[in-house]
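The values are calculated or read from the model by the stated rules, or taken from the named source; none is laboratory data. As the structure is a computational prediction, the values presented were derived from the model and not from experiment. Every residue, glycine as well, gets a Cβ built from its backbone with ideal geometry; the counts of neighbours run over all protein chains shown. To get the accessible areas, we keep the full protein, side chains included, count just its heavy atoms, and leave off ligands, DNA and RNA. Shrake-Rupley method; radii C 1.70, N 1.55, O 1.52, S 1.80 Å.
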Amino acid sequence: MKVSVILTVLNESESIRAASGEIIVSTDAGVRCEPDWLEKLIHPLTPDPSPLPTAGERGVVAVAGFFRADPQNVFEMALGATTLPDVRDVNPQTFLPSSRSVAFCKSAWEAVGGYPEWLDYCEDVIFDLKMREKFGPFVFVPEAVVHFRPRPNLRAFFRQYHQYARGDGKANLFPRQHAIRYLTYLVVAPLLVYAAITVSPWLWLVGVFAGLAYVRLPLRRLRPRLKELSLSDQLKALVYILVIRVVGDVAKMVGYPVGVWWRVKAARL
């Protein structure tokens, strides 16, 4: 079966429509693919290519690969640990693959309407959700790995997450998670600070434990790599994780309403 590989730096929809292969493989420009990435990624689709499911049948029509950070400095190492899952964090039944490592049948892509071309960000999330709804979970192949460099500084990271959240607002994605974030930062945290000042200083311990819980996953992901760093760089990485968490949340809280307002205006037209 013929395979077409596209780069998502291009217009995905145009590239897929122009592709002659039945299997579409997507990755980002600038990533570093493992030598056997393509072979492993398409393997579930090629030994016995499944037609589109009919009459309740479900064939393999989509495969999720995996991706890892390829950091060049301490900040990028901390950013990767904070924003990217480990394989053990992934539930294959609910995992939504990034377009930097995914393969699917072109006919399945057409069956769900392809990527939403009205979205500039998060279009792969909408596509993944539609695919999962129609065909079931993606087949997860964690051995099909690509590596990519995280954003090099806080400014670039803020812009990235602002754009992601704006896309969420446009597409009405994850409203519950965004609401929890606003509630935490704008209501719970100020009330906790006020109570610690006016009621009991022991309440500061609640904030400390909450902060530790907030960075628990990034710390667990970073721990295997700490031995590569000097003591000063280890301390920097720990501080970066907390800063990255807060900056990412602020970027989302700023970007999400922009997307919601865009959706409201679009609905009025």
Highest to lowest packing among 251-257, 233-239, scored as the average C-beta count within 10 Å:
251-257, 233-239
Tell me, what ³J(HN,Hα) does each residue in segment 259-267 have, in order and in whole Hz, if you take phi through Karplus 6.51 cos²θ - 1.76 cosθ + 1.60 with θ = phi - 60° and put x for Gly and Pro?
x, 4, 4, 4, 5, 4, 5, 5, 5
Might you tell me the accessible area per residue for segment 132-266, computed with a 1.4 Å probe and given in Å²?
61 Å²
How big is the charge dipole of the chain about its Cα centre, in debye rounded to the nearest 20, if each Lys and Arg gets +1 on its Cβ and each Asp and Glu gets -1 on its Cβ?
960 debye
Along segment 25-37, Karplus-curve 3J(HN,Hα) (6.51, -1.76, 1.60; θ = phi - 60°) to the nearest Hz, with x for Gly and Pro, reads 10, 10, 8, 9, 5, x, 7, 10, 8, 4, x, 9, 4
Quick one: which residues, 5+ away or cross-chain, put their amide H under 5 Å from the amide H of HIS147? H built at 1.01 Å from N.
ARG32, CYS33, GLU34, ARG68
Among PHE127, PHE209, PRO142, which residue has its Cα furthest toward the positive end of the charge dipole of the chain, with +1 on Lys/Arg Cβ and -1 on Asp/Glu Cβ?
PHE209
Please list, short to long, the whole-number percent of alpha-carbon pairs of the chain in consecutive 10 angstrom bins beginning at zero.
6, 24, 32, 23, 11, 3, 1
What full-extension length gain, to one decimal in nm, is calculated for VAL193 and THR46 as 0.36 nm per residue of separation minus the Cα-Cα distance?
47.2 nm
Quick one: Karplus J couplings for segment 196-202, per residue in order, coefficients 6.51, -1.76, 1.60, θ = phi - 60°, nearest Hz, x for Gly and Pro?
5, 7, 9, 9, 7, x, 4
In segment 106-187, what percent of the accessible surface is made up of carbon and sulfur (1.4 Å probe, ligands and nucleic acids excluded)?
54 percent
So what's the Cα pair-distance distribution over segment 179-269, bin width 5 Å, in %?
2, 11, 15, 16, 15, 13, 11, 8, 4, 3, 1, 0
Along the Cα→Cβ direction, 7 angstrom out, place labels at GLN93 and LEU219. What is the inter-label distance in nm?
3.0 nm
Mind pulling the per residue volume of the convex hull built on the Cα atoms of segment 90-187? Å³ is fine.
132 Å³
Counting chymotrypsin sites (Phe, Trp or Tyr not before Pro) as exposed when in a DSSP loop with at most 13 other beta carbons within 10 Å, what is the longest stretch of the chain free of them?
1-117
